[in-house]
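Structure record follows, encoded as structure tokens.
The values are calculated or read from the model by the stated rules, or taken from the named source; none is laboratory data. Predicted model, so just to flag it, every value in this text is computed and none were measured. Because the Cβ atoms are built from the backbone with ideal geometry, glycine has one as well, and the counts that use them run over all protein chains shown. These accessible areas exclude ligands, DNA and RNA; they are computed on the full protein's heavy atoms, side chains included. Shrake-Rupley method; radii C 1.70, N 1.55, O 1.52, S 1.80 Å.
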Amino acid sequence: MRQRALRGLLAVGLIVTFAAAGAWAATPVKKVLVYDHAGWFVHPDIGVIDDHLKKMGADNGFTVTVSSDPKVFDAATLAPYQVVVLNNISEMGTSVKVTAQRDAFQKWIEGGGGVVAFHGSGVVRGTWDWYIKLLGTDWYYDAFMQEARVFIPPKGKDHPISAGALQEGKLTDEWNNFMVNVDTVAGISVMLAVDESSYDPTHKKNASEGNNVPGFPMADPQGKWVHPISWVREGGLAGKGKVFYSCIGHDLNSFGSVFATQHFLRAIQWAGGQLEAATAISRPGQGSYPGGAAAQLRFTGSEAGWTGAGAYTLEFFTPAGRQALAISGMGPGRHSLQGRLQPGLYQIRIRTEAGLTRFPGCARVGF
């Protein structure tokens, strides 16, 4: 029935599709634990990333507790939390040494807990075999800090983390190579890849494997697999739990970007069971669509995902992260808004006068 309705709309002309970030589960994410005690190299932005995660939680309805004490890996302590975020925990096995703490963490995940680990948290250096198997690989070396193109590979486009998200962006970070390409590992799905032609993979000076020696490609030249930088594991070694890892996050410049903030928010929501299958509403836009030129759109804030009170601004970003449109309205989102957009897919960001920021999904503009 939905397909017949959509065909009818297409006959009208311009279609604006507002795709929600995902269906909200009966129990949304409410409590997140951030663990930030590095066992080896201490990334300088760990503290400011902690603060960024706290704001992300405040903006999106969940509380964030930060701890540097491995004693949090205890069944009773972990029980209230839906998600544990590992903030740059280089050498996880050195950070969490006590067998009982390791066992408690493993049982919590297998029982349904969600893990979001990033950047240094993939640098295990052989210190915890089970954790390495859970991630699917260990770190090999860092490349120099530099800008690169990251993108959602075709196999990741239908995952709840990716549905309605920005399809690609440019970020500056340390782009790691890993011992194993997880795109070839059963049970793991790649969410983001890095375009190896967009950066220099030379070893960093402080890499133990060599000083400024040439790097090597991880992606298959025939395109059978990509160079993964973000991936998920659900089931298998994770039991009833969910595990997400991303190479992004050496510093706040990368982690706090529009692209990465959305990426990690969706990862937390997915790991906590809040983000399910994507939903969408399609309807005809107002006005013509001549020759692919910018079209006049007319819609309400609630159609774009805002039902709160007070003044708000809707911002539309291209897949590369460029702002294409910003329009303001008043809550609860019932008033008509107008703007002009070229055909394409746009990420929506909502900002309120109270400082709340949300990424409710995307808008697809086309015939």
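A residue that is at pLDDT below 95, under 16 Å from residue 148 (Cα atoms) and either open to solvent by 10 Å² or more (accessible area, probe 1.4 Å) or polar (S, T, N, Q) (or both) occurs nowhere in region 182-190. Check region 66-85 and report whether any residue there is modelled with pLDDT of 95 or more, open to solvent by 60 Å² or more (accessible area, probe 1.4 Å) and either under 16 Å from residue 29 (Cα atoms) or in contact with a strand residue (DSSP E or B) (Cβ under 7 Å, 6 or more places away or on another chain) (or both). Within region 66-85 (the criterion being modelled with pLDDT of 95 or more, open to solvent by 60 Å² or more (accessible area, probe 1.4 Å) and either under 16 Å from residue 29 (Cα atoms) or in contact with a strand residue (DSSP E or B) (Cβ under 7 Å, 6 or more places away or on another chain) (or both)), the answer is yes, since at least one residue qualifies.
Which is modelled with pLDDT of 75 or more, open to solvent by less than 30 Å² (accessible area, probe 1.4 Å) and not in a strand (DSSP E or B), of 308, 329?
Numbers: 329 fails: not in a strand (DSSP E or B).
That would be 308, the only listed residue that is modelled with pLDDT of 75 or more, open to solvent by less than 30 Å² (accessible area, probe 1.4 Å) and not in a strand (DSSP E or B).
Per this entry, residue 116 is not counted among residues that are within 24 Å of residue 50 (Cα to Cα), more than 20 Å from the chain's Cα centre (by Cα) and not aromatic (Phe, Trp, Tyr).
Within region 135-158, the set of residues being over 19 Å from residue 123 (Cβ atoms), open to solvent by less than 30 Å² (accessible area, probe 1.4 Å) and in a loop (DSSP other than H, G, I, E, B) comprises 152, 153. Scanning region 241-264 for residues that are over 17 Å from residue 168 (Cα atoms), outside any helix (DSSP H, G or I) and of a type in the set (A, V, I, L, M, F, W, C) gives 243, 244. For region 21-39, the set of residues classified as in a loop (DSSP other than H, G, I, E, B), modelled with pLDDT of 95 or more and open to solvent by 70 Å² or more (accessible area, probe 1.4 Å) consists of 37 only.
Would you check which residues across region 87-107 are among the aliphatic types (A, V, I, L, M), in a loop (DSSP other than H, G, I, E, B) and under 26 Å from the mean Cα position of the chain (by Cα) and list them?
Taking region 87-107 and keeping what is among the aliphatic types (A, V, I, L, M), we get 89, 92, 96, 98, 100, 104.
Retained after the next criterion (residues that are in a loop (DSSP other than H, G, I, E, B)): 89, 96, 98.
Within region 87-107, 89, 96 qualify.
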